[in-house]
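See below for the structure under consideration.
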Amino acid sequence: MTAPARPVLAEHNAAQVALARIEAKRHKKRRVQDDVVQAAHGGGGRAMRDLIEDLILPAFDHAVAEDDQARFALSDMAALGGQLAFTTDTYVVTPLTFPGGDIGSMAVHGTINDLAVGGAKPLYLSCGLILEEGLPIDLLRTILTSMGRAAREAGVRIVTGDTKVVARGKADKLFINTAGVGVIPTGLHMSARSLEPGDVLLTNGTLGDHGAAILIARGELELASPVMSDSAPLHELVQALVQAVPVRAMRDLTRGGLAATVNEWAHSANLGLCIDEPSVPVRSEVQGVCELLGLDPLHLANEGKLLAAVPKAHAQAALHAMRRHPLGENAAVVGEVTSAHPGVVTIQTGFGTDRVLDMLVGEPLPRIC
Amino acid sequence: MKYVSEFRDPPAARRLVATIESLMSRRPKTLQGAPLKIMEVCGGHTHAIFKFGLETLLPETIELVHGPGCPVCVLPVGRVDDAISIATSEGVIFCTYGDALRVPGSRTSLAGAKAEGADVRTVYSPTDALALARANPSRRVVFFGLGFETTAPSTALTLLQAEREGVSNFFVFSNHVTIIPALRALLDAEDLQVDGFIGPGHVSMVIGVEPYHFIAEHYRRPFVVSGFEPLDVLQSIAMVVAQHVEGRAVVENQYSRLVSTQGNSAAQTAIHEVFKPRAHFEWRGLGSIAESGLELQPRFARFDAEQAFRVPALSVADPKACQCGEVLKGQLRPYECKVFGTACTPETPIGSCMVSSEGACAAYYSYGRLTSLRRASGLKVHP
C-alpha cells in the first residue's frame, strides 16, 4: 500500500524548510556575544568564525583572504620594481593602548617602516593574533579597528591572518605579529656596508618619544607628562627622501633607539660614527623623564623615527626633503661617519668633550638615585 | 630645560676649567706634575663625569677617583645570594630597584632567578612594593631595601605606613648602608690615595653637612658637598683645588640650593625610628665595616625579611679576579683591573662596579673607553 502523495510532499517540504532554516541560521552572521575572549574563540569552530566575521573582517574592510593564502599577480609587483621586500615583527607592548597609539596601529606602522627603510613601497600585511583568555572583546575591537584604520591611511592592505587563543596567564593579553610585503624600485640599494667617511647622519625628528610615552603610560612612575608616542608610517617620507638624494643607508630607530642603530652601523661598516649631542632633537618633556629616571633618550625606542646616511654634499637637500613632509619637520643632521675609531660610536657633548655612545645592555632600567 | 640647562652651560664650564687650571698652576713647584687625586664619593657624580666627559676637560694632573657611593656596587656577593634565596621562596613577590637586577651573586643574579621562575618585579619606590602587598594578600611581598641615606627615608616611611595599616604580608630585606662609617674606613685604610673629596649631594640633603667635619679636622682632607650637574661638579672640583693650594682643609657646601647644614630632620627621624646600625656590614671590595649598615628596629621585627625567611647569610668572598676594592680606593683605575673589558664587561659582570651605570668600571666601559684607549696608547687624554 502506498502512502497518499500529498502528506509525503508536505513532510518533504517541511523538512526542506527546516533544513533551510538551519542552514540560514548557520550562515547568518552573528555578533560575538561574550564580553571577554574565551578559549572557544581560537578553537576553529563557530565562536572563532564569529570572532573573525564580527571583529576582524569589518576592521580590515573584509580584505582578509578567505582561503589559506592571499594571492597576488607577479606582473603587478614586477611593475613596481625589481626586488620583493619581506619582513616580520611581533608586538608585545604594555599597556595595549597609550597616548599616541595602541598595539594595533603600532603593529601596522612598525612593519610598514621595516619595509620603508629598505626603500620598499609597502603593499600587503598579514596579521597574526595571539589572544589571552579574558581579554575584553571591546578592547580587542578597538585595537583591530585602529589597526585597520592605520593600514587604510597608509595605503596598505591586511590580506591574511591567523588567530590563536591561549589560556589565561600564558600571554600578556594580546600579542600581534605582522609580516609585510613590498617592492623595492629597481636601482635602489641601501645598506650600512655602503657607508663612507664624511657621510652625514640625519633623523626626521625628536627622539625617545615612544619609549617615554610607554614608561609614563605604564602608570608605575606616578608621573603626568604630555608625552605622546611618535608611532607613524614613514614610507612616504622615505620616498620623498630617496627621490631627492642618494641615500647610503637607512634604519627605523625602534628598540634600543638611536644608540643601537649607530652601533650596528659602526660595526657593519667598520667605521667610526660620531653623534653631535646638542644637535639631536629631544623634547624637553622626554628629557625631563630621562633626567628623573637616569635614562638616556638616545637609548629609548621610537616608532616613527629613522636615521639616514647621505653623502655630505647632499645633506642640505636631504634635510629640505624631510622637512617638507609633516613627519620630518623637526629633521636634523645629528652626526657623521668618520674613519677614526672603527667600529666605535662617539658622541660630542656640548662641552666639547667626547665619549663613547654604547648600546644598552638589556633594557633601560632606572637608577636607584 | 629650566633648572637643568643653567647648570650645563658650556661657556660657564670653560670659565670653571680655566679657574681650576689657574689654581693648579699655583701649586708649589715640587708638586707641579704630580697627580692631585680627588674622590667623587657618589655614583651619581661618576655618572655625570663620564656622561659629560668632564675628566677630559680637567688638567691631566687632576685624577678623579671613583668612590664607593654606588649602593649597587658595594653590595656583597653573600647579600645577593640571600636576596635570591628569599626571592625563590614559596609564594614570594620580590621587589627591587632596576639596577640591582643584574648584580652577580655566587651562582646567578636576581635577573637569572627571575628567568628561572622567581616572581621578581622592578619597582620605582618601596610604596610600589607596599601596594603590591595590599593587592596580593595571599602572597608575601618583599622589598629589597638598598641605598644610602638617600633612599633609607622612603623605606622607613613605607614601613611606618605598613605598620599603621597593619599590613601583614609586607617585608623589607634591608641592605641600607650609611656613608660616614664607609668614609671613615676608607680614610683609615693605609693604602688610600686620595687628596680631597667631592661629597654626595643626595645623601647630604638628608644628613646635612656637619657629619663630614671629622674628615677635614682629623684627616686633613678638603671635602666639598656637590650637586650632580656638570657645573656643580666642576665648581666643586675648583673648591677642592682651591683648598689644596691654599693649604686648607674644611667642609664646604657647593650644593647649598638643596643641602642645608642640618639636613632634613624629618627624614633623619624616620630613619632612626625604623632602623638601627648593624654591628657590622660587609661591603663589596671594602670588607666588613662596623656600624655601616642599617637593620630594622625590634619594633619592626615582623616586617624583617631576615627573620621571616631562612636566608643563608653566608659571607662569600669576592671573585678572585675582581679588583673592585682597589678601584674603589683609588689604587687602580678601572681599566687597570686584570679582567676589565675581557672577562668582566657589562654583559658579563664579575665585579659589581661593572653592573650599575653609576659603577666606575661600567662608566669607563660604556662612556670612557676613549680615555682609556688614549691613555693606553700614550696619547693625550684631551681630544
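The values are calculated or read from the model by the stated rules, or taken from the named source; none is laboratory data. Because the structure is a prediction, the values reported are computed rather than measured. All Cβ positions, glycine included, derive from the backbone under ideal geometry; neighbour counts span all protein chains shown. With ligands, DNA and RNA removed, areas are computed over all heavy atoms of the protein, side chains included. Shrake-Rupley method; radii C 1.70, N 1.55, O 1.52, S 1.80 Å.
Can you tell me which residue within the stretch A:347-361, out of those that are among the polar types (S, T, N, Q) and over 27 Å from A:LEU215 (Cα atoms), is farthest from the other protein chains (Cβ to nearest Cβ)?
A:GLN348
In the stretch A:248-295, how many residues are in contact (Cβ under 8 Å) with a residue 60 or more places away in the chain, assigned to a loop (DSSP other than H, G, I, E, B) and touching a helix residue (DSSP H, G or I) at 6+ places or on another chain (Cβ under 6 Å)?
Going through the stretch A:248-295 one residue at a time, the tally reaches 2.
Regarding A:GLU329, is this residue more than 20 Å from B:PHE50 (Cβ to Cβ), open to solvent by 20 Å² or more (accessible area, probe 1.4 Å), modelled with pLDDT under 90 and more than 8 Å from chain B (Cβ to nearest Cβ)? Steps first, answer last, please.
Details: more than 20 Å from B:PHE50 (Cβ to Cβ): yes; open to solvent by 20 Å² or more (accessible area, probe 1.4 Å): yes; modelled with pLDDT under 90: no; more than 8 Å from chain B (Cβ to nearest Cβ): yes.
Considered against the rule, which asks whether it is more than 20 Å from B:PHE50 (Cβ to Cβ), open to solvent by 20 Å² or more (accessible area, probe 1.4 Å), modelled with pLDDT under 90 and more than 8 Å from chain B (Cβ to nearest Cβ), A:GLU329 comes out as no.
Answer with yes or no whether A:LYS312 is open to solvent by less than 50 Å² (accessible area, probe 1.4 Å) and among the basic types (Lys, Arg). Don't jump to the end; show me each part of the working.
On the way: open to solvent by less than 50 Å² (accessible area, probe 1.4 Å): no; among the basic types (Lys, Arg): yes.
No.
State yes or no: is B:GLY196 in contact with a Pro (Cβ under 9 Å, 6 or more places away or on another chain), modelled with pLDDT of 95 or more and away from chain A (no Cβ under 12 Å)?
Values: in contact with a Pro (Cβ under 9 Å, 6 or more places away or on another chain): yes; modelled with pLDDT of 95 or more: yes; away from chain A (no Cβ under 12 Å): yes.
In short, yes.
Which residue pairs have Cβ atoms under 6 Å apart, sit 6 or more places apart or on different chains, and have a first residue in the stretch A:132-146 that is without any contact (Cβ under 8 Å) to a residue 24 or more places away in the chain and a second that is part of a helix (DSSP H, G or I)?
none
Counting only residues that are among the small types (Gly, Ala, Ser) and open to solvent by 60 Å² or more (accessible area, probe 1.4 Å), which one in the stretch B:110-149 is nearest to B:TYR97 (Cα to Cα)? Show your work before the answer.
Narrowing the stretch B:110-149 to residues among the small types (Gly, Ala, Ser): B:111-113, B:115, B:117-118, B:125, B:129, B:131, B:133, B:135, B:138, B:145, B:147.
Adding the requirement that they be open to solvent by 60 Å² or more (accessible area, probe 1.4 Å) leaves B:115, B:117, B:135, B:138.
On the way: B:ALA115: 17, B:GLY117: 19, B:ALA135: 19, B:SER138: 23 Å.
That would be B:ALA115.
Scanning the stretch B:69-85 for residues that are within 14 Å of another protein chain (Cβ to nearest Cβ) and either over 16 Å from B:ASP232 (Cβ atoms) or modelled with pLDDT of 90 or more (or both), which turns out surrounded by the fewest Cβ atoms within 10 Å (Cβ to Cβ)? Steps first, answer last, please.
First pass over the stretch B:69-85, keeping only residues within 14 Å of another protein chain (Cβ to nearest Cβ): B:69-75.
The next check asks that each one be either over 16 Å from B:ASP232 (Cβ atoms) or modelled with pLDDT of 90 or more (or both); those that pass are B:70-75.
Working: B:CYS70: 33, B:PRO71: 27, B:VAL72: 28, B:CYS73: 30, B:VAL74: 29, B:LEU75: 25.
Going through the qualifying residues, I end up with B:LEU75.
Do we have A:PRO364 as more than 8 Å from every other protein chain (Cβ to nearest Cβ) and modelled with pLDDT under 90 here? Show your work before the answer.
Details: more than 8 Å from every other protein chain (Cβ to nearest Cβ): yes; modelled with pLDDT under 90: yes.
Spelling it out, A:PRO364 is indeed more than 8 Å from every other protein chain (Cβ to nearest Cβ) and modelled with pLDDT under 90.
How about the stretch B:96-173: which helices (runs of 4 or more DSSP H) wholly inside it have at least 3 residues that are charged (D, E, K, R) and away from chain A (no Cβ under 12 Å)? I'd like the intermediate steps shown before the answer.
Working: elements: B:110-115, B:126-135, B:152-165.
In the stretch B:96-173, B:152-165 are the helices (runs of 4 or more DSSP H) which contain 3 or more residues that are charged (D, E, K, R) and away from chain A (no Cβ under 12 Å).
In this structure, is A:PRO342 farther than 24 Å from A:ASP230 by Cβ and away from chain B (no Cβ under 14 Å)? So that I can check it myself, show each step before the final result.
On the way: farther than 24 Å from A:ASP230 by Cβ: yes; away from chain B (no Cβ under 14 Å): no.
It is false that A:PRO342 is farther than 24 Å from A:ASP230 by Cβ and away from chain B (no Cβ under 14 Å).
Restricting attention to the stretch B:231-261, which residues are open to solvent by 60 Å² or more (accessible area, probe 1.4 Å) and either among the charged types (D, E, K, R) or in contact with a helix residue (DSSP H, G or I) (Cβ under 7 Å, 6 or more places away or on another chain) (or both)?
If the condition is that a residue be open to solvent by 60 Å² or more (accessible area, probe 1.4 Å) and either among the charged types (D, E, K, R) or in contact with a helix residue (DSSP H, G or I) (Cβ under 7 Å, 6 or more places away or on another chain) (or both), then B:GLN235, B:GLU246, B:ARG248, B:ARG257, B:LEU258, B:THR261 are the ones that fit.
Taking the stretch A:166-180 as the search range and keeping residues that are open to solvent by 30 Å² or more (accessible area, probe 1.4 Å) and not in a loop (DSSP other than H, G, I, E, B), which one is nearest to A:THR87 (Cα to Cα)? Even if it seems obvious, please write down each step before you answer.
Filtering the stretch A:166-180 down to residues open to solvent by 30 Å² or more (accessible area, probe 1.4 Å) leaves A:166-170, A:172-173, A:175, A:177.
Filter once more, so that each one left must be not in a loop (DSSP other than H, G, I, E, B): A:166, A:175, A:177.
Details: A:VAL166: 25, A:PHE175: 17, A:ASN177: 11 Å.
The extreme case among them is A:ASN177.
Can you name the number of the only condition in (1) within 22 Å of the chain's Cα centre (by Cα); (2) surrounded by 15 or more Cβ atoms within 10 Å (Cβ to Cβ) that B:SER315 fails?
If we test B:SER315 against (1) within 22 Å of the chain's Cα centre (by Cα); (2) surrounded by 15 or more Cβ atoms within 10 Å (Cβ to Cβ), just (2) comes out false.
Restricting attention to the stretch A:310-329, does a residue exist that is out of contact with any strand residue (DSSP E or B) (no Cβ under 8 Å at 6 or more places or on another chain), of a type in the set (Lys, Arg) and not in a helix (DSSP H, G or I)?
Among the residues of the stretch A:310-329, at least one is out of contact with any strand residue (DSSP E or B) (no Cβ under 8 Å at 6 or more places or on another chain), of a type in the set (Lys, Arg) and not in a helix (DSSP H, G or I), which makes the answer yes.
Count, please, the residues in the stretch A:189-202 that happen to be touching a Lys or Arg at 6+ places or on another chain (Cβ under 6 Å) and outside any loop (DSSP other than H, G, I, E, B).
So the first thing to find is which residues in the stretch A:189-202 are touching a Lys or Arg at 6+ places or on another chain (Cβ under 6 Å), and the list is A:194-195, A:198-200.
Imposing the further condition that a residue be outside any loop (DSSP other than H, G, I, E, B) reduces the set to A:194, A:200.
The number of residues fulfilling the criteria is 2.
What do you reckon, is A:GLN16 open to solvent by 80 Å² or more (accessible area, probe 1.4 Å), part of a helix (DSSP H, G or I) and of a type in the set (S, T, N, Q)?
Against the criterion (open to solvent by 80 Å² or more (accessible area, probe 1.4 Å), part of a helix (DSSP H, G or I) and of a type in the set (S, T, N, Q)), A:GLN16 qualifies.
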